[in-house]
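All remarks here apply to the structure that follows.
Just so it is clear, none of the values below were taken in a lab; they were calculated from the coordinates. All of these numbers come straight from a predicted model, not from anything done at the bench. Every residue, glycine among them, receives a Cβ derived from its backbone with ideal geometry; neighbour counts consider all protein chains shown.
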């Protein structure tokens, strides 16, 4: 049962990675990186279901906050530079 | 006062993080938590805006609980809408950025309004100006007029939020 | 019983995550991608965390509630920042776009200043 969840989340990450690699502009890549961070949180929850170890939820908290700060930093950088490929 | 509230919130959060109080956490963990939340309360107390006596009135809290259910319902509808548009072969979209007006001037209320708009049917807040305008990206633009767009996007949340914060 | 309800929530959440990521790939410009992905993935991950709240023991459920709060506050804020940044740095919108009031107003303001 849980293994199907892992397969679905791996497909999701692959779609995000496709957008990171392909995305025509830098902000497409930033969006995909932000979404990938939230999907990693879902991964941590599934790992908790698999192993029964509450430690993974703490990893999820840390990852959620770090991914938010990363997205804000990317947004600030985009706004100042307007860099493009 | 606001420092006390902030310190209590930080300490509750710390307790939730270290809940299984086994031998590895023990009394030391709680002691460190008290010190850390005191530091947070002293240094960051000034950044909490506008905590006043309004927060002690019970009807505001009841409206807040009602708001959560309204918001969850619209959030669910929004996701079904996005699912329909994603899976439809022709992608029936008609995007655009419209301008809407809001009467809220409480900072927390405005933040909650903008975040709710972002999480509900086909709309994303792009910018909130100082004079009460919101720029909203809309997946299916029904009208470009400011008044009508305000009726459709903002009204349903604004009425409840006014009762909570104003 | 608890187990079944939690698995149903888990499954619906995974479905929404998948939908969000398909939207991220299919939609034609940054703003649409951001919108589809943020909404669906936030709700999906929220439902997955809700399944932990239902099935897990009390300490784990408390941590899951914390993650749920963080995600539902931070994810729209990050989306807002990214959308504003892309609009300010003049990322083109899709050809079918009806109107763009934000760029119009911003250009008018800079013209008035100079």
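Assuming a ≥ b ≥ c are the square roots of the Cα gyration tensor eigenvalues, decide whether the protein assembly as shown counts as rounded (a/c under 1.5), prolate (otherwise, with a/b larger than b/c) or oblate.
Numbers: a/c = 1.66, a/b = 1.24, b/c = 1.34.
It is oblate, given that a/c is not under 1.5 and a/b is not larger than b/c.
Between residue B:156 and residue A:50, how high is the FRET efficiency from 1/(1 + (r/R0)^6) when r is the Cβ-Cβ distance and R₀ = 30 Å? Nearest 0.05. Don't skip to the end; give the middle numbers.
Values: r = 41 Å, r/R0 = 1.35.
Taking R0 as 30 Å, the efficiency between residue B:156 and residue A:50 is 0.15.
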Give me the one-decimal nm value for the distance between modelled label points at residue A:1 and residue B:81, 7 Å along each residue's Cα-to-Cβ direction.
3.4 nm
Please give the average number of partner chain Cβ atoms lying within 10 Å of the Cβ of each residue in A:19-25, rounded to a whole number.
3
Quick one: if you stick a label point 7 Å off each Cα along the C-beta vector at residue A:73 and residue C:69, how many nm between them?
2.6 nm
Would you please classify the overall shape of the range A:2-78 from the alpha carbon gyration tensor, given that a ≥ b ≥ c denote the square roots of the eigenvalues, rounded means a/c under 1.5, and beyond that prolate means a/b larger than b/c while oblate covers the rest?
oblate
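Classify the range A:35-85 as rounded, prolate or oblate from the Cα gyration tensor: take a ≥ b ≥ c as the square roots of its eigenvalues, call it rounded if a/c is under 1.5, otherwise prolate when a/b beats b/c and oblate if not. Don't jump to the answer; show the numbers that get you there.
On the way: a/c = 6.58, a/b = 3.05, b/c = 2.16.
Prolate.
At a Förster radius of 30 Å, what calculated FRET efficiency corresponds to the Cβ-Cβ distance of residue A:20 and residue C:103, to the nearest 0.05? Before the final figure, lay out each step's value.
On the way: r = 26 Å, r/R0 = 0.87.
My answer for the efficiency is 0.70.
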If you take the Cα atoms of chain B, find Rg, then find the Kirkwood Rh from the mean of 1/r over all pairs, what is Rg/Rh?
1.10
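How long are the three semi-axes of the equivalent ellipsoid of chain C, in whole Å, if each is the root of 5 times an eigenvalue of the C-alpha gyration tensor, listed from largest down? All intermediate terms of the calculation are to be shown ahead of the outcome.
Numbers: eigenvalues 295, 56, 11 Å².
In descending order the semi-axes read 38, 17, 7 Å.
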Length-normalised contact order of chain A, Cα under 8 Å, at least 6 apart, in percent, tallies to 32 percent
Can you compute the FRET efficiency between residue C:1 and residue C:114 using 1/(1 + (r/R0)^6), with r the Cβ-Cβ distance and R0 = 51 Å? Round to the nearest 0.05.
0.15
Between the range A:12-39 and the range C:24-95, what is the C-alpha centre distance in whole Å?
13 Å
Could you tell me the largest-minus-smallest coordinate of the C-alpha atoms of the range A:12-57 on each of the three principal axes, in descending order and whole angstroms?
41, 14, 8
Residue B:108 versus residue B:65, label points 7 Å from Cα toward the beta carbon: distance in nm?
1.8 nm
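Tell me, what is the Rg over Rh of the range B:110-166, with Rh the Kirkwood radius over Cα pairs? Write down the numbers at each step before the final one.
Working: Rg = 11.0 Å, Rh = 11.8 Å.
Taking Rh as the inverse mean 1/r over Cα pairs, Rg/Rh reads 0.93.
Which whole number gives the average count of other chain Cβ atoms within 10 Å of the Cβ atoms across peptide C:104-113? Display every interim value, and only then the final one.
Values: counts 2, 6, 2, 0, 0, 0, 0, 0, 0, 0.
Counting other chains' Cβ atoms within 10 Å and averaging over C:104-113 gives 1.
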Can you tell me the order of C:49-55, B:8-14 when each peptide is scored by its average per-residue count of other Cβ atoms within 10 angstrom, highest first?
C:49-55, B:8-14
Taking the Cα atoms only, what angle lies between the long axis of helix B:107-119 and the longest principal axis of chain B, rounded to 10 degrees?
60 degrees
Whole-number Å³ per residue for the convex hull built on Cα positions in the range B:2-48:
55 Å³
The range B:4-43 and the range B:101-115: distance between their alpha carbon centers, rounded to Å:
31 Å
Cβ neighbours within 10 Å from other chains - mean over B:66-77:
1
